[in-house]
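**Q** Pasting a structure below so you can have a look.
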Amino acid sequence: EAQVTQNPRYLITVTGKKLTVTCSQNMNHEYMSWYRQDPGLGLRQIYYSMNVEVTDKGDVPEGYKVSRKEKRNFPLILESPSPNQTSLYFCASSLGHLGSEKLFFGSGTQLSVL
Amino acid sequence: SQQGEEDPQALSIQEGENATMNCSYKTSINNLQWYRQNSGRGLVHLILIRSNEREKHSGRLRVTLDTSKKSSSLLITASRAADTASYFCATAPGGSYIPTFGRGTSLIVHP
């Protein structure tokens, strides 16, 4: 089954404790992206990647890191989480070229930073 | 930066009625997409309309695009309680396929 898999689904952590949210897709998609969703603000893009070893900042990249060492995986890293990073996070992917723009989303990761 | 903005922010209707929500955007686009999100879950793609198209249908969904007014509308006909969700438009600026999302319209369909 074609899907984007995010883990974990829920995560509670404390300020400053490094964490990684994993994202994997099995559709051989080139384009992958991370979003955060906050009430009243919609989805805001954190980072995106057009292919292996190619990543770019989105609208709200501060406090986040990503890597794209393999085509299928695009982990989101919070080196020193802070309470303002409490949010619902989504990973998404697409084939990544004009004509194939449809995004497939993961189920989300609800992160709470205390 | 958010390119598209949905209107209204919230919509409450009775089952069987039609639901219309609108999306306005700022710059020229390659395409406009509509997504649906059930509470707290991942977004699901509904329909994509390209800048050279004016109308598309998919089941009970009808999407229109007016590039002169930089706006789109999503019509859900004969709404059902199961249509209760948030609906987002996503626009890809001209020359790009990277979409940006609006804040969404929250639709409640009462049985």
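The values are calculated or read from the model by the stated rules, or taken from the named source; none is laboratory data. This one's a predicted model, so the numbers in the text were calculated from it and none came from an experiment. Every residue, glycine among them, receives a Cβ derived from its backbone with ideal geometry; neighbour counts consider all protein chains shown.
**Q** Does the range B:66-79 contain any residue that is more than 14 Å from chain A (Cβ to nearest Cβ), polar (S, T, N, Q), within 26 Å of A:Ile46 (Cβ to Cβ) and not in a loop (DSSP other than H, G, I, E, B)?
**A** The answer is yes; a qualifying residue exists.
Here's the yes/no breakdown for (1) more than 13 Å from the chain's Cα centre (by Cα); (2) modelled with pLDDT of 95 or more; (3) within 23 Å of B:Gln37 (Cβ to Cβ); (4) assigned to a loop (DSSP other than H, G, I, E, B):
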| site | (1), (2), (3), (4) |
| --- | --- |
| A:Thr20 | no, yes, no, no |
| A:Cys23 | no, yes, yes, no |
| A:Arg36 | no, yes, yes, no |
| A:Asp56 | no, no, no, no |
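**Q** Does A:His29 count as more than 24 Å from B:Ser106 (Cα to Cα), surrounded by 19 or more Cβ atoms within 10 Å (Cβ to Cβ) and over 12 Å from the mean Cα position of the chain (by Cα)?
**A** Answer is yes for this residue.
**Q** Does B:Cys23 satisfy the criteria of being away from chain A (no Cβ under 11 Å), closer than 26 Å to A:Cys91 by Cα, in contact with a Cys (Cβ under 9 Å, 6 or more places away or on another chain) and crowded, with 21+ Cβ neighbours inside 10 Å?
**A** In short, yes.
**Q** So, one more: Kindly indicate whether any position in the range A:90-107 is among the polar types (S, T, N, Q), without any contact (Cβ under 8 Å) to a residue 24 or more places away in the chain, within 24 Å of B:Gln37 (Cβ to Cβ) and facing chain B (nearest Cβ under 9 Å).
**A** yes
**Q** What number of residues within the range A:61-106 are at pLDDT 95 or above and part of a loop (DSSP other than H, G, I, E, B)?
**A** 18
**Q** Out of the range B:26-57, which residues are part of a loop (DSSP other than H, G, I, E, B) and either surrounded by fewer than 17 Cβ atoms within 10 Å (Cβ to Cβ) or of a type in the set (Phe, Trp, Tyr) (or both)?
**A** B:Lys26, B:Thr27, B:Ser28, B:Asn38, B:Ser39, B:Gly40, B:Arg41, B:Ser51, B:Asn52, B:Glu53, B:Arg54
**Q** Is at least one residue of the range A:65-76 surrounded by 15 or more Cβ atoms within 10 Å (Cβ to Cβ), away from chain B (no Cβ under 12 Å) and among the aliphatic types (A, V, I, L, M)?
**A** Within the range A:65-76 (the criterion being surrounded by 15 or more Cβ atoms within 10 Å (Cβ to Cβ), away from chain B (no Cβ under 12 Å) and among the aliphatic types (A, V, I, L, M)), the answer is yes, since at least one residue qualifies.
This table checks each residue for (1) within 13 Å of chain A (Cβ to nearest Cβ); (2) small (Gly, Ala, Ser).
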| position | (1), (2) |
| --- | --- |
| B:Gln9 | yes, no |
| B:Tyr35 | yes, no |
| B:Ser39 | yes, yes |
| B:Gly42 | yes, yes |
| B:Arg50 | yes, no |
| B:Arg54 | no, no |
| B:Gly59 | no, yes |
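**Q** Also, I was wondering about something else. Of the residues A:Thr86, A:Thr15, A:Thr55, A:Thr22, which is more than 12 Å from A:Thr109 (Cα to Cα), surrounded by 14 or more Cβ atoms within 10 Å (Cβ to Cβ) and β-branched (Val, Ile, Thr)?
**A** Checking each option against the conditions leaves just A:Thr55.
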